[in-house]
1. Mind jotting down a quarter of the surface of the convex hull over the alpha carbons of region 79-120, in square nanometres, one decimal?
2. Taking only C-alpha pairs under 8 Å that are 6+ residues apart, what is the relative contact order of the chain in percent?
3. Give me the lysines in straight-line cross-link reach of K105: C-alpha distance below 27 Å, same-chain residues under 8 apart excluded.
4. By per-residue mean of other Cβ atoms within 10 Å, what is the highest-first order of 150-161, 3-14?
5. Given the peptides 131-144, 57-70, arrange them by the average over their residues of other C-beta atoms within 10 Å, most packed first.
6. Between the helical axis of 146-167 and the dominant principal axis of the chain, each derived from Cα atoms, what acute angle in degrees is found, rounded to the nearest 10?
7. Could you work out the Kirkwood radius for region 59-168, taking every pair of different alpha carbons, averaging 1/r and inverting it, reported in Å?
8. Please report the equivalent ellipsoid semi-axes of region 31-78, computed as sqrt(5 x eigenvalue) of the Cα gyration tensor, largest first, in whole Å.
Amino acid sequence: DGENYLVGKQQLSLSQWTLYFLTPTTLVNERRLSAAVIATLGMAFVLFGLLFLRERQLKKASQRKAREGEKFRELNIRLEQEVDERRRTEQELRDTQNDLVQAGKLAALGQMSAAIAHELNQPITAIRTFAASGELLLKRGAHTSLPETFDQISALTERMGTITGQLK
């Protein structure tokens, strides 16, 4: 009838007979086609599963990198804040040092003015004393002691002139 058959044979163990059987190839072809479709679908499922797993791994890696990137951004922000704080602290330190230097200068100037005032007050006091003595000597008529008194007053004014000259 033009149909193809698959021949199978089986030896029967109890007898000397051989059993031959014929299976139409259409049935084999259908099963082969079904097996190919099932195998193709199975491979597609495996492939889709592998692609899904790969996509999931890539997504997790991307999320991990994003978290790491966020941590780096946070660290960078904190580092910038620390640098700014350090700069402010250094500026405050410089300002404090400048203020300290200025205070030292003012203290030195105060000490110097106190020393100058002391050095000038001594001759001025002595001049007053000698002037008062000279006045008494004039009232008593002791004119011979007056030149010595004026010499001492003159020496004291020279000393004051030397002190103020050093200041210039």
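1. Details: hull surface 8.8 nm².
Projected area, direction-averaged: 2.2 nm².
2. Numbers: 60 pairs, mean separation 18.9, N = 168.
Relative contact order here is 11 percent.
3. Partners found: K168.
4. Numbers: 150-161: 14.1, 3-14: 9.0.
Per-residue Cβ counts within 10 Å, averaged per peptide and sorted highest first, yield 150-161, 3-14.
5. Numbers: 131-144: 11.7, 57-70: 10.0.
The most tightly packed comes first, giving 131-144, 57-70.
6. 20
7. Values: mean 1/r = 0.0482 Å⁻¹.
About 20.7 Å, per the Kirkwood formula over Cα pairs.
8. Details: eigenvalues 413, 3, 3 Å².
Output for region 31-78: semi-axes of 45, 4, 4 Å.
The values are calculated or read from the model by the stated rules, or taken from the named source; none is laboratory data. Please read these numbers as outputs of a predicted model, since none were measured by experiment. As a convention, Cβ positions derive from the backbone with ideal geometry for all residues, glycine included, and neighbour counts pool all protein chains shown. The protein model used for the area step is the full one, side chains on, heavy atoms only, and it has no ligands, DNA or RNA in it. Shrake-Rupley method; radii C 1.70, N 1.55, O 1.52, S 1.80 Å.
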